[in-house]
Amino acid sequence: MPYRMTVIGTGYLGATHAACMAEIGHEVLGVDVDERKIEALRAGRVPFHEPGLEELIGRHVASGRLRFTTSYEEAAEFGDVHFSCVGTPQSARGYAADLTYVDAVVERLAPHLRRPALVVGKSTVPVGTAERLATRLVELAPAGELVELAWNPEFLREGFAVQDTLRPDRLVFGVRSEVALKTLEEVYAPVLGEGAPTVVTDFPTAELVKASANAFLATKISFINAMAEVCEASGADVARLAEALSYDERIGGKFLRPGVGFGGGCLPKDIRAFMARAGELGADQALTFLREVDAINMRRRTRTVDLARELCDGDFLGRRVAVLGAAFKPDSDDIRDSPALNVAGQIQLQGADVRVYDPKAMDNARRAYPGLRYAASAAEAIADADVVLLLTEWEEFRSLDPETLRERVAQPRIVDGRGALDLERWRAAGWTYRALGRP
Ligand code: UDX
(Lines give C-alpha, C1' and ligand atoms only; values in the text may rest on other atoms or scores of the structure.)
Protein backbone atom coordinates (compact mmCIF):
# COMPACT_ATOMS: atom_id res chain seq x y z
CA MET A 1 0.00 0.00 0.00
CA PRO A 2 1.23 3.50 -0.75
CA TYR A 3 2.72 5.42 2.18
CA ARG A 4 3.01 9.13 2.76
CA MET A 5 6.66 9.58 3.50
CA THR A 6 9.37 12.18 3.70
CA VAL A 7 12.98 11.93 2.60
CA ILE A 8 15.16 14.34 4.54
CA GLY A 9 18.35 15.49 2.83
CA THR A 10 18.23 15.72 -0.97
CA GLY A 11 21.84 15.03 -1.95
CA TYR A 12 22.93 12.03 -4.04
CA LEU A 13 21.35 9.58 -1.65
CA GLY A 14 18.18 11.46 -0.69
CA ALA A 15 17.20 12.77 -4.12
CA THR A 16 17.57 9.29 -5.56
CA HIS A 17 15.71 7.63 -2.70
CA ALA A 18 12.86 10.15 -2.93
CA ALA A 19 12.47 9.66 -6.68
CA CYS A 20 12.61 5.88 -6.40
CA MET A 21 10.05 5.80 -3.57
CA ALA A 22 7.70 7.84 -5.78
CA GLU A 23 8.47 5.46 -8.64
CA ILE A 24 7.30 2.46 -6.60
CA GLY A 25 4.04 4.21 -5.77
CA HIS A 26 4.49 6.23 -2.58
CA GLU A 27 3.63 9.86 -1.95
CA VAL A 28 6.91 11.53 -1.17
CA LEU A 29 7.93 14.86 0.29
CA GLY A 30 11.63 15.67 -0.09
CA VAL A 31 13.04 17.92 2.64
CA ASP A 32 16.21 19.99 2.65
CA VAL A 33 17.44 23.11 4.43
CA ASP A 34 19.00 24.36 1.18
CA GLU A 35 16.36 26.60 -0.41
CA ARG A 36 18.18 26.69 -3.78
CA LYS A 37 18.40 22.91 -4.02
CA ILE A 38 14.69 22.61 -3.23
CA GLU A 39 13.80 25.23 -5.85
CA ALA A 40 15.80 23.32 -8.47
CA LEU A 41 14.22 19.98 -7.57
CA ARG A 42 10.72 21.49 -7.66
CA ALA A 43 11.49 22.54 -11.23
CA GLY A 44 12.58 18.95 -11.96
CA ARG A 45 16.27 19.87 -12.12
CA VAL A 46 18.89 17.72 -10.38
CA PRO A 47 21.87 19.75 -9.12
CA PHE A 48 24.33 16.92 -9.89
CA HIS A 49 24.92 14.35 -12.61
CA GLU A 50 23.26 10.99 -12.03
CA PRO A 51 22.10 9.00 -15.06
CA GLY A 52 18.30 8.57 -15.22
CA LEU A 53 17.57 10.58 -12.09
CA GLU A 54 16.45 13.84 -13.64
CA GLU A 55 13.95 12.03 -15.81
CA LEU A 56 12.56 10.13 -12.83
CA ILE A 57 12.25 13.27 -10.70
CA GLY A 58 10.64 15.18 -13.56
CA ARG A 59 8.13 12.41 -14.08
CA HIS A 60 7.04 12.27 -10.46
CA VAL A 61 7.03 16.01 -9.85
CA ALA A 62 4.64 16.10 -12.81
CA SER A 63 2.53 13.22 -11.49
CA GLY A 64 2.27 15.00 -8.13
CA ARG A 65 3.68 12.03 -6.21
CA LEU A 66 6.89 13.90 -5.46
CA ARG A 67 7.01 17.31 -3.80
CA PHE A 68 9.70 19.27 -1.99
CA THR A 69 9.81 21.54 1.04
CA THR A 70 12.21 23.22 3.46
CA SER A 71 9.76 22.95 6.36
CA TYR A 72 10.20 20.30 9.04
CA GLU A 73 6.77 21.16 10.38
CA GLU A 74 5.20 20.34 7.03
CA ALA A 75 7.30 17.17 6.86
CA ALA A 76 6.12 15.94 10.27
CA GLU A 77 2.53 16.77 9.38
CA PHE A 78 2.73 14.91 6.06
CA GLY A 79 4.70 11.74 6.67
CA ASP A 80 4.07 8.47 8.48
CA VAL A 81 7.56 7.32 7.54
CA HIS A 82 10.57 9.65 7.53
CA PHE A 83 13.81 8.63 5.83
CA SER A 84 16.92 10.45 7.02
CA CYS A 85 19.40 10.67 4.14
CA VAL A 86 21.77 13.45 5.19
CA GLY A 87 25.54 13.30 4.82
CA THR A 88 28.17 12.24 7.35
CA PRO A 89 31.38 13.88 6.09
CA GLN A 90 34.77 13.42 7.69
CA SER A 91 35.05 15.87 10.58
CA ALA A 92 37.40 18.80 10.24
CA ARG A 93 39.38 17.75 13.32
CA GLY A 94 40.22 14.14 12.57
CA TYR A 95 39.15 10.76 11.19
CA ALA A 96 35.75 10.54 12.88
CA ALA A 97 32.48 11.20 11.06
CA ASP A 98 30.80 14.55 11.59
CA LEU A 99 27.30 13.74 12.83
CA THR A 100 26.00 17.31 12.92
CA TYR A 101 23.50 16.75 10.09
CA VAL A 102 22.29 13.37 11.33
CA ASP A 103 21.67 14.80 14.79
CA ALA A 104 20.00 17.90 13.36
CA VAL A 105 17.37 15.80 11.57
CA VAL A 106 16.19 14.27 14.85
CA GLU A 107 16.46 17.55 16.77
CA ARG A 108 14.39 19.42 14.19
CA LEU A 109 11.90 16.78 13.15
CA ALA A 110 11.04 15.10 16.47
CA PRO A 111 9.48 18.12 18.22
CA HIS A 112 6.77 18.14 15.50
CA LEU A 113 5.94 14.41 15.63
CA ARG A 114 2.50 14.26 17.23
CA ARG A 115 1.31 10.88 15.95
CA PRO A 116 2.85 7.44 15.42
CA ALA A 117 5.71 7.53 12.93
CA LEU A 118 8.71 5.51 11.82
CA VAL A 119 11.97 7.39 11.36
CA VAL A 120 14.39 5.42 9.19
CA GLY A 121 18.10 6.21 9.13
CA LYS A 122 19.92 5.54 5.85
CA SER A 123 23.13 7.52 6.34
CA THR A 124 26.47 5.81 6.99
CA VAL A 125 27.05 6.33 10.72
CA PRO A 126 29.41 5.07 13.41
CA VAL A 127 28.04 2.00 15.16
CA GLY A 128 26.07 3.08 18.24
CA THR A 129 24.52 6.15 16.62
CA ALA A 130 21.09 4.57 16.03
CA GLU A 131 20.76 3.58 19.68
CA ARG A 132 21.50 7.16 20.75
CA LEU A 133 19.14 8.68 18.16
CA ALA A 134 16.32 6.32 19.14
CA THR A 135 16.44 7.57 22.73
CA ARG A 136 16.60 11.21 21.67
CA LEU A 137 13.66 10.76 19.31
CA VAL A 138 11.36 9.48 22.05
CA GLU A 139 12.56 12.24 24.41
CA LEU A 140 11.78 15.00 21.95
CA ALA A 141 8.64 13.79 20.17
CA PRO A 142 5.27 14.85 21.63
CA ALA A 143 4.02 11.39 20.56
CA GLY A 144 6.77 9.82 22.72
CA GLU A 145 7.13 6.07 22.35
CA LEU A 146 4.73 6.00 19.41
CA VAL A 147 7.65 7.32 17.38
CA GLU A 148 10.15 4.62 16.51
CA LEU A 149 13.53 4.40 14.80
CA ALA A 150 14.79 1.84 12.29
CA TRP A 151 18.16 1.58 10.55
CA ASN A 152 18.24 0.77 6.86
CA PRO A 153 21.69 1.49 5.40
CA GLU A 154 22.09 2.49 1.78
CA PHE A 155 24.58 0.85 -0.58
CA LEU A 156 24.03 2.78 -3.77
CA ARG A 157 26.88 3.59 -6.11
CA GLU A 158 27.00 6.94 -7.82
CA GLY A 159 26.37 6.54 -11.50
CA PHE A 160 24.10 3.55 -10.80
CA ALA A 161 22.09 5.11 -7.99
CA VAL A 162 18.61 4.61 -9.47
CA GLN A 163 19.26 1.02 -10.46
CA ASP A 164 20.88 0.24 -7.09
CA THR A 165 17.86 1.67 -5.25
CA LEU A 166 15.17 -0.05 -7.31
CA ARG A 167 17.04 -3.35 -7.63
CA PRO A 168 19.39 -3.53 -4.64
CA ASP A 169 21.67 -6.52 -4.00
CA ARG A 170 20.09 -6.74 -0.54
CA LEU A 171 18.07 -4.77 1.98
CA VAL A 172 19.19 -4.53 5.59
CA PHE A 173 16.55 -3.73 8.20
CA GLY A 174 17.81 -2.86 11.68
CA VAL A 175 14.62 -2.90 13.75
CA ARG A 176 13.39 -3.16 17.32
CA SER A 177 9.75 -4.11 16.78
CA GLU A 178 7.41 -6.09 14.58
CA VAL A 179 5.60 -2.86 13.67
CA ALA A 180 8.80 -1.30 12.37
CA LEU A 181 9.62 -4.43 10.36
CA LYS A 182 6.14 -4.65 8.89
CA THR A 183 6.25 -0.98 7.88
CA LEU A 184 9.60 -1.40 6.11
CA GLU A 185 8.38 -4.53 4.35
CA GLU A 186 5.34 -2.64 3.09
CA VAL A 187 7.35 0.37 2.03
CA TYR A 188 9.75 -1.81 0.05
CA ALA A 189 7.15 -4.37 -1.12
CA PRO A 190 7.70 -3.78 -4.86
CA VAL A 191 11.48 -4.02 -4.41
CA LEU A 192 11.18 -7.17 -2.30
CA GLY A 193 8.84 -8.56 -4.94
CA GLU A 194 11.71 -8.34 -7.42
CA GLY A 195 13.58 -10.78 -5.22
CA ALA A 196 15.94 -8.61 -3.18
CA PRO A 197 17.19 -10.63 -0.19
CA THR A 198 16.53 -9.08 3.20
CA VAL A 199 18.56 -9.27 6.37
CA VAL A 200 16.61 -8.39 9.49
CA THR A 201 18.80 -7.53 12.45
CA ASP A 202 19.53 -5.18 15.36
CA PHE A 203 20.78 -1.58 15.17
CA PRO A 204 24.52 -2.14 15.64
CA THR A 205 24.65 -4.94 13.08
CA ALA A 206 22.75 -2.87 10.52
CA GLU A 207 25.13 0.05 11.05
CA LEU A 208 28.16 -2.22 10.81
CA VAL A 209 27.05 -3.90 7.58
CA LYS A 210 27.56 -0.62 5.77
CA ALA A 211 30.89 0.20 7.40
CA SER A 212 32.27 -3.26 6.77
CA ALA A 213 31.01 -3.43 3.16
CA ASN A 214 32.89 -0.24 2.35
CA ALA A 215 35.95 -1.42 4.28
CA PHE A 216 35.95 -4.65 2.29
CA LEU A 217 35.63 -2.88 -1.07
CA ALA A 218 38.41 -0.44 -0.19
CA THR A 219 40.58 -3.35 0.94
CA LYS A 220 40.02 -5.21 -2.31
CA ILE A 221 41.10 -2.20 -4.37
CA SER A 222 44.15 -1.57 -2.20
CA PHE A 223 45.02 -5.25 -2.34
CA ILE A 224 45.30 -5.24 -6.10
CA ASN A 225 47.16 -1.92 -5.97
CA ALA A 226 49.61 -3.42 -3.49
CA MET A 227 50.11 -6.27 -5.97
CA ALA A 228 50.78 -3.59 -8.61
CA GLU A 229 53.63 -2.31 -6.46
CA VAL A 230 55.10 -5.80 -6.23
CA CYS A 231 54.59 -6.29 -9.98
CA GLU A 232 56.45 -3.10 -10.62
CA ALA A 233 59.36 -4.20 -8.45
CA SER A 234 59.52 -7.58 -10.14
CA GLY A 235 58.70 -6.79 -13.74
CA ALA A 236 55.33 -8.58 -13.64
CA ASP A 237 52.07 -7.32 -15.18
CA VAL A 238 49.29 -6.50 -12.71
CA ALA A 239 46.63 -6.40 -15.45
CA ARG A 240 47.26 -10.05 -16.36
CA LEU A 241 47.58 -10.91 -12.67
CA ALA A 242 44.18 -9.33 -11.86
CA GLU A 243 42.61 -11.12 -14.83
CA ALA A 244 43.94 -14.46 -13.64
CA LEU A 245 42.71 -13.83 -10.09
CA SER A 246 39.27 -12.84 -11.34
CA TYR A 247 38.56 -16.32 -12.73
CA ASP A 248 38.70 -17.70 -9.21
CA GLU A 249 35.07 -17.53 -8.11
CA ARG A 250 36.12 -17.11 -4.50
CA ILE A 251 37.96 -13.92 -5.42
CA GLY A 252 35.93 -12.47 -8.28
CA GLY A 253 36.92 -9.69 -10.65
CA LYS A 254 34.86 -6.82 -9.29
CA PHE A 255 36.70 -4.06 -7.44
CA LEU A 256 39.93 -5.65 -8.50
CA ARG A 257 40.87 -3.01 -11.06
CA PRO A 258 44.32 -1.62 -10.34
CA GLY A 259 45.09 2.04 -10.93
CA VAL A 260 45.25 5.39 -9.23
CA GLY A 261 42.98 4.12 -6.45
CA PHE A 262 39.69 4.96 -4.82
CA GLY A 263 38.25 8.37 -4.05
CA GLY A 264 34.79 9.84 -3.70
CA GLY A 265 32.50 10.89 -0.90
CA CYS A 266 32.29 7.43 0.67
CA LEU A 267 35.13 4.94 0.71
CA PRO A 268 37.97 7.22 1.94
CA LYS A 269 36.04 8.90 4.73
CA ASP A 270 34.12 5.77 5.68
CA ILE A 271 37.20 3.64 6.33
CA ARG A 272 38.64 6.48 8.43
CA ALA A 273 35.43 6.90 10.42
CA PHE A 274 35.33 3.14 10.93
CA MET A 275 38.86 3.14 12.38
CA ALA A 276 38.01 6.09 14.61
CA ARG A 277 34.90 4.37 15.95
CA ALA A 278 36.70 1.08 16.54
CA GLY A 279 39.26 3.06 18.53
CA GLU A 280 36.55 4.56 20.72
CA LEU A 281 35.19 1.07 21.34
CA GLY A 282 38.60 -0.29 22.30
CA ALA A 283 38.69 -2.49 19.17
CA ASP A 284 41.21 -0.43 17.20
CA GLN A 285 43.56 -3.39 16.75
CA ALA A 286 40.90 -5.12 14.67
CA LEU A 287 41.07 -2.39 12.06
CA THR A 288 44.72 -1.35 11.98
CA PHE A 289 44.93 -2.98 8.53
CA LEU A 290 42.65 -0.21 7.24
CA ARG A 291 45.45 2.26 7.92
CA GLU A 292 47.52 0.29 5.44
CA VAL A 293 44.61 0.19 2.99
CA ASP A 294 44.41 3.97 3.19
CA ALA A 295 48.19 4.38 2.90
CA ILE A 296 48.43 2.11 -0.17
CA ASN A 297 45.62 4.12 -1.75
CA MET A 298 47.24 7.49 -1.11
CA ARG A 299 50.58 6.17 -2.40
CA ARG A 300 48.97 5.50 -5.79
CA ARG A 301 48.54 9.20 -6.32
CA THR A 302 52.17 10.09 -5.58
CA ARG A 303 53.33 7.13 -7.62
CA THR A 304 51.25 8.32 -10.61
CA VAL A 305 52.88 11.73 -10.33
CA ASP A 306 56.31 10.04 -10.22
CA LEU A 307 55.53 8.03 -13.34
CA ALA A 308 54.45 11.15 -15.24
CA ARG A 309 57.62 12.95 -14.09
CA GLU A 310 59.77 10.06 -15.28
CA LEU A 311 58.12 10.39 -18.70
CA CYS A 312 59.04 14.10 -18.66
CA ASP A 313 62.70 13.13 -18.22
CA GLY A 314 62.64 13.80 -14.50
CA ASP A 315 61.38 17.38 -14.45
CA PHE A 316 57.95 19.01 -14.81
CA LEU A 317 59.26 22.56 -15.19
CA GLY A 318 58.06 24.07 -18.43
CA ARG A 319 56.25 20.87 -19.42
CA ARG A 320 52.70 20.71 -20.65
CA VAL A 321 50.62 17.99 -19.01
CA ALA A 322 47.12 16.88 -20.07
CA VAL A 323 44.90 15.36 -17.38
CA LEU A 324 41.90 13.48 -18.70
CA GLY A 325 39.31 13.16 -15.94
CA ALA A 326 38.41 15.15 -12.84
CA ALA A 327 35.52 13.15 -11.37
CA PHE A 328 36.43 10.44 -8.84
CA LYS A 329 34.96 7.89 -11.25
CA PRO A 330 33.19 7.91 -14.63
CA ASP A 331 29.48 8.72 -15.04
CA SER A 332 29.63 11.07 -12.08
CA ASP A 333 30.37 14.77 -11.66
CA ASP A 334 31.46 14.19 -8.08
CA ILE A 335 35.00 15.39 -7.40
CA ARG A 336 35.15 14.71 -3.67
CA ASP A 337 38.56 13.28 -2.83
CA SER A 338 39.14 12.67 -6.53
CA PRO A 339 42.48 11.01 -7.29
CA ALA A 340 42.51 12.76 -10.69
CA LEU A 341 42.40 16.26 -9.25
CA ASN A 342 44.81 15.38 -6.49
CA VAL A 343 47.35 14.20 -9.08
CA ALA A 344 46.70 17.23 -11.31
CA GLY A 345 47.25 19.55 -8.35
CA GLN A 346 50.52 17.87 -7.33
CA ILE A 347 51.89 18.05 -10.88
CA GLN A 348 51.00 21.70 -11.19
CA LEU A 349 52.71 22.48 -7.88
CA GLN A 350 55.84 20.89 -9.34
CA GLY A 351 55.91 23.44 -12.12
CA ALA A 352 54.03 21.91 -15.06
CA ASP A 353 51.40 23.63 -17.16
CA VAL A 354 48.49 21.28 -16.42
CA ARG A 355 45.26 21.20 -18.42
CA VAL A 356 42.33 19.25 -17.10
CA TYR A 357 39.31 18.06 -19.02
CA ASP A 358 36.31 16.05 -17.80
CA PRO A 359 33.02 15.44 -19.64
CA LYS A 360 30.81 16.31 -16.64
CA ALA A 361 32.79 17.49 -13.64
CA MET A 362 34.29 20.75 -14.98
CA ASP A 363 32.11 23.13 -12.95
CA ASN A 364 32.71 21.27 -9.70
CA ALA A 365 36.43 20.99 -10.42
CA ARG A 366 36.75 24.69 -11.22
CA ARG A 367 35.03 25.60 -7.96
CA ALA A 368 37.21 23.32 -5.83
CA TYR A 369 40.51 23.80 -7.66
CA PRO A 370 40.37 27.29 -9.17
CA GLY A 371 44.17 27.28 -9.55
CA LEU A 372 44.19 24.55 -12.21
CA ARG A 373 43.72 25.29 -15.92
CA TYR A 374 40.79 23.70 -17.71
CA ALA A 375 40.31 22.78 -21.35
CA ALA A 376 36.99 22.79 -23.22
CA SER A 377 37.56 19.34 -24.73
CA ALA A 378 39.88 16.36 -24.59
CA ALA A 379 41.47 17.54 -27.85
CA GLU A 380 42.21 20.96 -26.35
CA ALA A 381 43.67 19.45 -23.17
CA ILE A 382 45.90 17.17 -25.18
CA ALA A 383 47.16 19.77 -27.67
CA ASP A 384 50.98 20.02 -27.51
CA ALA A 385 51.15 17.95 -24.33
CA ASP A 386 54.45 16.44 -23.23
CA VAL A 387 52.55 13.76 -21.36
CA VAL A 388 48.88 12.71 -21.18
CA LEU A 389 47.39 11.21 -18.00
CA LEU A 390 44.15 9.25 -18.13
CA LEU A 391 42.82 9.39 -14.56
CA THR A 392 39.05 8.83 -14.86
CA GLU A 393 37.98 6.10 -17.26
CA TRP A 394 35.11 7.84 -19.06
CA GLU A 395 33.97 6.01 -22.21
CA GLU A 396 34.96 9.11 -24.20
CA PHE A 397 38.59 8.57 -23.14
CA ARG A 398 38.57 4.80 -23.53
CA SER A 399 37.59 5.21 -27.15
CA LEU A 400 40.26 7.81 -27.98
CA ASP A 401 42.15 6.93 -31.12
CA PRO A 402 45.91 6.73 -30.52
CA GLU A 403 46.71 7.38 -34.20
CA THR A 404 44.81 10.69 -34.44
CA LEU A 405 45.92 11.79 -31.01
CA ARG A 406 49.57 11.35 -31.80
CA GLU A 407 49.37 14.17 -34.34
CA ARG A 408 48.20 16.58 -31.65
CA VAL A 409 50.65 16.06 -28.81
CA ALA A 410 54.21 17.33 -28.47
CA GLN A 411 55.36 13.92 -27.23
CA PRO A 412 53.34 10.69 -27.57
CA ARG A 413 53.57 9.61 -23.92
CA ILE A 414 50.66 8.42 -21.83
CA VAL A 415 50.11 7.33 -18.25
CA ASP A 416 47.04 5.10 -18.07
CA GLY A 417 46.03 5.63 -14.45
CA ARG A 418 43.00 3.35 -14.74
CA GLY A 419 44.27 0.49 -16.86
CA ALA A 420 41.59 1.53 -19.33
CA LEU A 421 43.47 1.46 -22.63
CA ASP A 422 44.74 -1.26 -24.88
CA LEU A 423 48.49 -1.28 -24.26
CA GLU A 424 49.40 -3.05 -27.52
CA ARG A 425 47.31 -0.72 -29.64
CA TRP A 426 48.80 2.42 -28.10
CA ARG A 427 52.35 1.15 -28.35
CA ALA A 428 51.76 0.09 -31.96
CA ALA A 429 50.64 3.66 -32.69
CA GLY A 430 53.99 4.92 -31.47
CA TRP A 431 53.11 5.91 -27.91
CA THR A 432 55.22 5.42 -24.82
CA TYR A 433 52.54 3.76 -22.70
CA ARG A 434 52.96 3.44 -18.92
CA ALA A 435 50.61 2.15 -16.26
CA LEU A 436 51.25 1.43 -12.59
CA GLY A 437 52.27 -2.17 -12.16
CA ARG A 438 52.71 -2.90 -15.86
CA PRO A 439 56.02 -3.38 -17.61
C1 UDX B 1 30.78 3.30 -2.82
C2 UDX B 1 30.21 1.88 -2.60
O3 UDX B 1 30.40 1.10 -3.77
C4 UDX B 1 28.74 1.96 -2.27
O5 UDX B 1 28.23 0.69 -2.04
C6 UDX B 1 28.62 2.81 -1.05
O7 UDX B 1 27.28 2.93 -0.67
C8 UDX B 1 29.22 4.18 -1.27
O9 UDX B 1 30.56 4.06 -1.68
P10 UDX B 1 30.78 5.08 -4.81
O11 UDX B 1 31.51 6.01 -3.90
O12 UDX B 1 29.68 5.61 -5.63
O13 UDX B 1 30.16 3.86 -3.97
O14 UDX B 1 31.88 4.51 -5.81
P15 UDX B 1 32.45 3.08 -6.23
O16 UDX B 1 31.87 2.68 -7.51
O17 UDX B 1 32.37 2.14 -5.11
O18 UDX B 1 33.97 3.47 -6.51
C19 UDX B 1 34.80 4.01 -5.47
C20 UDX B 1 36.18 4.36 -5.98
O21 UDX B 1 36.94 3.17 -6.18
C22 UDX B 1 36.23 5.10 -7.31
O23 UDX B 1 37.18 6.15 -7.21
C24 UDX B 1 36.67 4.06 -8.31
O25 UDX B 1 37.34 4.61 -9.39
C26 UDX B 1 37.58 3.20 -7.45
N27 UDX B 1 37.73 1.81 -7.92
C28 UDX B 1 36.64 0.99 -7.97
C29 UDX B 1 38.99 1.31 -8.24
O30 UDX B 1 39.99 2.04 -8.18
N31 UDX B 1 39.11 0.00 -8.63
C32 UDX B 1 38.05 -0.83 -8.72
O33 UDX B 1 38.25 -1.99 -9.07
C34 UDX B 1 36.77 -0.33 -8.38
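The values are calculated or read from the model by the stated rules, or taken from the named source; none is laboratory data. Fair warning: this is a prediction, and the values are worked out from it, not measured in the lab. Here Cβ is always computed from backbone atoms with ideal geometry, including for glycine, and neighbour counts include all displayed protein chains.
A few comments on the model shown:
- Selection count, the stretch 335-389, where residues are of a type in the set (Val, Ile, Thr) and over 22 Å from the mean Cα position of the chain (by Cα): 5
- Matching residues, the stretch 414-425, being more than 16 Å from the ligand (Cβ to nearest atom) and either over 13 Å from Val388 (Cβ atoms) or surrounded by fewer than 20 Cβ atoms within 10 Å (Cβ to Cβ) (or both): Asp422, Leu423, Glu424, Arg425
- Restricted to the stretch 168-179, and to residues there that are in contact with a helix residue (DSSP H, G or I) (Cβ under 8 Å, 6 or more places away or on another chain) and within 14 Å of the ligand (Cβ to nearest atom), the residue that is farthest from Val81 (Cα to Cα) is Pro168.
- Residue list for the stretch 277-286, restricted to those being surrounded by fewer than 14 Cβ atoms within 10 Å (Cβ to Cβ) and either among the acidic types (Asp, Glu) or touching a helix residue (DSSP H, G or I) at 6+ places or on another chain (Cβ under 8 Å) (or both): Glu280, Ala286
- Qualifying position, being more than 16 Å from the ligand (Cβ to nearest atom) and under 20 Å from Val191 (Cβ atoms), among Leu137, Leu118, Leu99: Leu118
- Per-region count, the stretch 140-155, residues touching a Phe, Trp or Tyr at 6+ places or on another chain (Cβ under 8 Å) and within 16 Å of the ligand (Cβ to nearest atom): 2
- Unique match (being on the phi < 0 side of the Ramachandran plot and buried (at least 20 other Cβ atoms within 10 Å of the Cβ)) among Gly259, Gly193, Gly253, Gly263: Gly263
- Between Leu140, Leu149, the distinction of being at negative phi, over 18 Å from the mean Cα position of the chain (by Cα) and surrounded by 22 or more Cβ atoms within 10 Å (Cβ to Cβ) belongs to Leu149 only.
- Looking only at the stretch 14-55, residues that are more than 20 Å from the chain's Cα centre (by Cα) and either within 14 Å of Leu166 (Cα to Cα) or in the same structural domain as Asp331 (by TED's automatic domain parsing) (or both) come to 6 in all.
- Look at the stretch 399-426: where a residue is outside the structural domain of Arg319 (by TED's automatic domain parsing), no partner that is at pLDDT below 95 and surrounded by 20 or more Cβ atoms within 10 Å (Cβ to Cβ) sits 6+ places away or on another chain with Cβ atoms under 9 Å.
- Matching residues in the stretch 200-219 - criterion: being surrounded by fewer than 16 Cβ atoms within 10 Å (Cβ to Cβ) and of a type outside the set (S, T, N, Q): Val200, Asp202, Pro204, Phe216
- In the set (1) crowded, with 17+ Cβ neighbours inside 10 Å; (2) within 16 Å of the ligand (Cβ to nearest atom), the condition left unmet by Val106 is number (2).
Yes or no, residue by residue, for (1) at pLDDT 95 or above; (2) touching a helix residue (DSSP H, G or I) at 6+ places or on another chain (Cβ under 6 Å); (3) of a type outside the set (Ser, Thr, Tyr):
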residue	(1), (2), (3)
Ala239	yes, no, yes
Glu243	yes, no, yes
Asp248	yes, no, yes
Gly253	yes, yes, yes
Gly264	yes, no, yes
Asp270	yes, yes, yes
Met275	yes, yes, yes
Thr288	yes, no, no
Ala295	yes, no, yes
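- Scanning the stretch 247-283 for residues that are near the ligand (Cβ under 7 Å from one of its atoms), aliphatic (A, V, I, L, M) and over 15 Å from Asp294 (Cα atoms) yields a single hit, Leu256.
- Of the helices (runs of 4 or more DSSP H) that lie entirely inside the stretch 1-82, those containing 3 or more residues that are surrounded by fewer than 22 Cβ atoms within 10 Å (Cβ to Cβ) span 35-42, 53-63, 72-78.
To keep it simple, each residue is scored yes or no on (1) aliphatic (A, V, I, L, M); (2) closer than 23 Å to Thr183 by Cα.
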| residue | (1), (2) |
| --- | --- |
| Arg4 | no, yes |
| Val7 | yes, yes |
| Val28 | yes, yes |
| Glu35 | no, no |
| Glu50 | no, no |
| Gly58 | no, no |
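- For the stretch 316-330, taking the residues that are in contact (Cβ under 8 Å) with a residue 40 or more places away in the chain and away from the ligand (no atom under 16 Å from the Cβ), the one that is nearest to Pro359 (Cα to Cα) is identified as Ala322.
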